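Since the structure comes first, as structure tokens, the remarks are kept for the end.
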Amino acid sequence: MGRIKFFSGENIPLEMHKVRIVQKLNLPCIEDRLKFMQEAGNNTFLLNNRDVFMDMLTDSGVNAMSDNQQSAMLIADDSYAGSETFTRLEKTLEDIFQTKYFLPAHQGRACENILAQVFVEKGTVVPMNYHFTTTMAHIVLNGGSIEEIVIDEGIKVTSKHPFKGNMDLYKLKAVIKSYGKEKVAFVRMEAGTNLIGGQPFSLQNLKDVKKICEENNLLLILDASLLSDNLHFIKQREEACKNMSIKEITQEMIALCDVTYFSARKLGFSRGGGICTNNKDLYMKMRELVTLYEGFLTYGGMSVREMEALRIGLEETMDEDIISQGPLFIEYMVNELDKKGVPVITPAGGLGCHINAMEFVKHLPQSQYPAGALASALYIVSGVRGMERGSLSEQRDANGNEVFSNMELLRLAMPRRVFTLSQVKYAIDRIEWLYKNRELIGGLKFVEEPKTLRFFFGRLEATTNWQDELVKAFRKDFPDSL
Ligand code: F0G
């Protein structure tokens, strides 16, 4: 995909697939969008999909499937125990990851539940390059805590660092020393660090982390949910890996880790998830929790059709043309916005384009949820649904105080092979308009605040009538456009 250059010199990604099934989209007018956003409590999770033009909420479970995935779903062998489908999936994982044992689960957080229950004890700590919301929730639920030890560059918004998701090795040693190694439940590396802009880590960094884990007899666990983007970046940006195939890089990464888990809603363009390991003792410890929470060992909450789609999706993940579509579309979007002066996380990472709300609406204090306000404003002016990834996505501390996040981001996820380039251009156009009118964006306040994972169900309202003013300004510039 990235290897094709245009005679005109234009630098745009060229799709290496064709579209054979389509879904009609609906773009409600701005007056209706305002109504829908307010009815949804200014929480983009609570919008109805029929009212959304471009759904950039997530890339989880909404990536386009290939013809081969669809056709494999037709040969799925349905059985509670011992289905042929499960055996085929197990074989594929063994071939690609070179791991002997596989535990299926209904999605990524279900794996996290099992891992946290087995390895986290009260008072233990899990050092990680960066947390993901559900990961942290499960660790905390089991009495543990986390230490975020990504390199300092990782939380700088603009940077040229190719691997902003790298773990800081000095900080890792310091955490082990200060807690004592017996208090470290495991070390967790997240491929394509979700909350700080889908930033990858390098293979070399994983090797260095492994060495420290070995020296201290600590388990290394990989969250491979966003592995495909990380693989693309290692291949593109890490000199020592230029001549390795995607499969070789994958195998080297997995071999360094004691346990690998993933959400198949992301990895493998399907649904479901699973845990892989070569360590029989660890496998035995986790196994009974699969039957307790997920289902029998040969489906773990997944349907056989999902497992077939996952099997093919994993094989297709080893194809550079396939996994580079997301990162290259994201790079296009990030670079175009950057050129227009819109504050975005650089360099472009995986998962999606991340707008820096702290800068975009710098007149708003964190207590008014700048990233949430921006998500609400963007839906109103465009019908594009993004996701708040800032203080709203955090949890209050034990005393009920707000925990302000390091970054206030509006994440615009890029579901793979779902949008055309002109749709991406539309999103860029409306974001540019909103940026020019950013002073109009006001804050949000909670009217209903759940205790756990509040961003999913929380309802908020605008602190002033700023949303009406935004609609008026839009109508002035676009008297008769949707
Ligand atoms: N780990 C990472 C890095 C993730 O991005 C996700 C999900 C999970 C674990 C949990 O997996 O959803 O299958 O239970 N991320 C989704 C997102 C929800 O929108 O970024 P899950």
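The values are calculated or read from the model by the stated rules, or taken from the named source; none is laboratory data. If you're wondering where the values come from, they're calculated on a predicted model, not measured in any experiment. Backbone-built Cβ (ideal geometry, glycine too); neighbour counts: all protein chains shown. Areas reflect the complete protein model, heavy atoms only, side chains present, ligands, DNA and RNA absent. Shrake-Rupley method; radii C 1.70, N 1.55, O 1.52, S 1.80 Å.
Residues in segment 304-318: is at least one without any contact (Cβ under 8 Å) to a residue 24 or more places away in the chain and more than 21 Å from Gln251 (Cα to Cα)?
No, that holds for no residue.
Suppose we filter segment 7-46 for residues that are over 17 Å from Ala375 (Cα atoms) and basic (Lys, Arg); how many remain?
3
Against the condition within 16 Å of the ligand (Cβ to nearest atom) and either β-branched (Val, Ile, Thr) or on the phi > 0 side of the Ramachandran plot (or both), how does Val120 come out, does it pass? Outline the logic, then answer.
Working: within 16 Å of the ligand (Cβ to nearest atom): yes; either β-branched (Val, Ile, Thr) or on the phi > 0 side of the Ramachandran plot (or both): yes.
Yes: the conditions hold for Val120.
Go through (1) more than 15 Å from the ligand (Cβ to nearest atom); (2) in contact with a strand residue (DSSP E or B) (Cβ under 7 Å, 6 or more places away or on another chain) one by one and return the number of the condition Glu148 breaks.
Here Glu148 meets the rest and fails (1).
Could you tell me how many of the residues in segment 55-97 are closer than 30 Å to Met284 by Cβ and assigned to a helix (DSSP H, G or I)?
Counting residues in segment 55-97 that are closer than 30 Å to Met284 by Cβ and assigned to a helix (DSSP H, G or I) gives 14.
For Ala137, only one of the following conditions fails: (1) touching a Ser or Thr at 6+ places or on another chain (Cβ under 8 Å); (2) among the aliphatic types (A, V, I, L, M); (3) more than 12 Å from the ligand (Cβ to nearest atom). What is its number?
(3)
Mind listing whichever residues of segment 41-64 are open to solvent by 20 Å² or more (accessible area, probe 1.4 Å) and either more than 12 Å from the ligand (Cβ to nearest atom) or in contact with a Gly (Cβ under 6 Å, 6 or more places away or on another chain) (or both)?
Residues satisfying the conditions are Leu46, Asn48, Asn49, Arg50, Phe53, Ala64.
The conditions are (1) open to solvent by 10 Å² or more (accessible area, probe 1.4 Å); (2) in a loop (DSSP other than H, G, I, E, B); (3) within 16 Å of the ligand (Cβ to nearest atom), and Phe404 fails exactly one of them. Which is it?
(3) is the only condition that Phe404 fails.
Pick out the one residue from Ala371, Ala357, Ala348, Ala375 that is in contact with a strand residue (DSSP E or B) (Cβ under 8 Å, 6 or more places away or on another chain) and free of Cβ contacts under 8 Å to residues at least 40 places away in the same chain. Give the derivation first.
Working: Ala357 fails: free of Cβ contacts under 8 Å to residues at least 40 places away in the same chain; Ala348 fails: in contact with a strand residue (DSSP E or B) (Cβ under 8 Å, 6 or more places away or on another chain); Ala375 fails: free of Cβ contacts under 8 Å to residues at least 40 places away in the same chain.
Going through Ala371, Ala357, Ala348, Ala375 in turn, just one is in contact with a strand residue (DSSP E or B) (Cβ under 8 Å, 6 or more places away or on another chain) and free of Cβ contacts under 8 Å to residues at least 40 places away in the same chain: Ala371.
Only helices (runs of 4 or more DSSP H) wholly contained in segment 408-482 count here; list those with 3 or more residues that are of a type in the set (A, V, I, L, M) and open to solvent by less than 60 Å² (accessible area, probe 1.4 Å).
Working: elements: 421-436, 454-457, 466-477.
The helices (runs of 4 or more DSSP H) meeting that bar are 421-436, 466-477.
Out of the helices (runs of 4 or more DSSP H) lying entirely within segment 154-272, which hold 1 or more residues that are within 16 Å of the ligand (Cβ to nearest atom) and open to solvent by 10 Å² or more (accessible area, probe 1.4 Å)?
In segment 154-272, 227-237 are the helices (runs of 4 or more DSSP H) which contain 1 or more residues that are within 16 Å of the ligand (Cβ to nearest atom) and open to solvent by 10 Å² or more (accessible area, probe 1.4 Å).
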